[in-house]
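Shown next, in structure tokens, is the structure this report addresses.
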């Protein structure tokens, strides 16, 4: 809800507003549930996404350019051994 509240109708097409909403979502999930990045929760995916998107946009990348590295992140190997 906090992430949704940070977006205004006028900002729906503003990439930085979406990046901020993503960061707000990370804070809300962490604050409400007590989890942090590295705890093997959805924050392990959401935090890097939100941070990378915000950084790329702050550096002046277009939305398409900012999104590309986020969506093309290297495939991660499972951390748990296969049994």
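Data for the structure
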item: Which numbered condition residue 35 misses (of (1) surrounded by fewer than 18 Cβ atoms within 10 Å (Cβ to Cβ); (2) modelled with pLDDT of 90 or more); result: (2)
item: Selection within the stretch 41-83 - exposed (fewer than 12 other Cβ atoms within 10 Å of the Cβ) and either in a helix (DSSP H, G or I) or at pLDDT 85 or above (or both); result: 58, 59, 60, 62, 64, 71
item: The stretch 1-24, subset at pLDDT below 70 and touching a helix residue (DSSP H, G or I) at 6+ places or on another chain (Cβ under 7 Å), residue surrounded by the most Cβ atoms within 10 Å (Cβ to Cβ); result: 3
item: Residue identified as in a helix (DSSP H, G or I) and over 10 Å from the mean Cα position of the chain (by Cα) among 31, 38; result: 31
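The values are calculated or read from the model by the stated rules, or taken from the named source; none is laboratory data. Computed from a predicted structure; not experimentally measured. A quick note on method: Cβ atoms are made from the backbone with ideal geometry, for glycine too, and the neighbour counts reach across all protein chains shown.
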